[in-house]
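Values in this text are rule-based calculations from the coordinates and carry no lab data. Fair warning: this is a prediction, and the values are worked out from it, not measured in the lab. Here the Cβ positions follow ideal geometry from the backbone for every residue, glycine too, while neighbour counts run over all protein chains shown.
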Amino acid sequence: MDRIKECLLPFDKVTLPDLDRVQLMNRTDKKFCLHISQLPAVLTAVSKYYSLLEIKGLTIFNYDNTYFDTPDNQMFLSHHNGRSNRIKIRIRRYVDSDLNFLEIKLKNNKGWTIKERVEKKEFKPVFTFDEKNFLEQGSPFTWLQLQPKIRNFFNRITMVNHQFTERVTIDISPGFSNSEKEITLDNLVIIEIKQDNILEKSMISNVLLAQRIKGQGISKYCLGRALLEENIKKNNFKPLLLKIKRYYNN
């Protein structure tokens, strides 16, 4: 991690209010998986083209999520089976700033991600009256259908291009746990490029492709459940799981 921190020093910095100019709650996403040893070269190559989120001197932040699903795993299976208009529901905690949000993410049949969220007082898998209404108005599920399934945690770097039209998140060493097991993929880095214009050129995308790092469809929620649970349906995830275990697992 020290080498990564050194690579972040040349970046211009932006504040959270600056970043709010490019929230991209309605966006296209493209993801890339790489080994943590490849990250310093990527950061060095793009340092002139992006600014880095900095809060109270920090540029790497801790995230903690709890994902929900129905007892029969409707959200997981929708993703596994390749259905369009699929939904994920989670509570997200920004650990360093002690902020919590209840979030609903929709991936529609045109490939766009639409996210809605409300601030949550506590990082607990229970819902207030207003949160129950938010869930029922923003998703096809009632709060009574939802159960906490897994916890997901990681370190994140957030960048924005100088035109404030593109946001990039870099998730380092994601971990997953449930009531029975915990696993951390220390060598895995997931880069996600978020844009509101699918035709816009992305500098970091070009850098990744030049280093032969190809786009990879991946859901941290589905990956975590597939790694933690033996009996859940995962046939369509097997190529990704083999790759993860071969290159990124301890």
Exercise. Rounded, prolate or oblate: which fits segment 26-147, taking a ≥ b ≥ c as square roots of the Cα gyration tensor eigenvalues, rounded meaning a/c under 1.5, else prolate when a/b beats b/c?
Worked result: oblate
Exercise. Top mean-square fluctuation among 170, 213, 91, Gaussian network model of the chain, C-alpha springs under 10 Å?
Worked result: 213
For this session: With springs connecting C-alpha atoms under 10 Å apart, model the chain as a Gaussian network and identify which of 234, 181, 31 has the largest mean-square fluctuation.
Result: 181
Problem set entry | Test item: Cα-centred dipole of the chain, Lys/Arg +1 and Asp/Glu -1 on Cβ, debye | 860 debye
For this session: Sort segment 137-239 into rounded, prolate or oblate with this rule: let a ≥ b ≥ c be the square roots of the eigenvalues of the Cα gyration tensor; rounded if a/c is under 1.5, and if a/c is not under 1.5, prolate when a/b is larger than b/c, oblate otherwise.
Result: prolate
For this session: Quickly rank 219-228, 142-151 as a protection proxy: mean count of other C-beta atoms within 10 Å, highest first.
Result: 219-228, 142-151
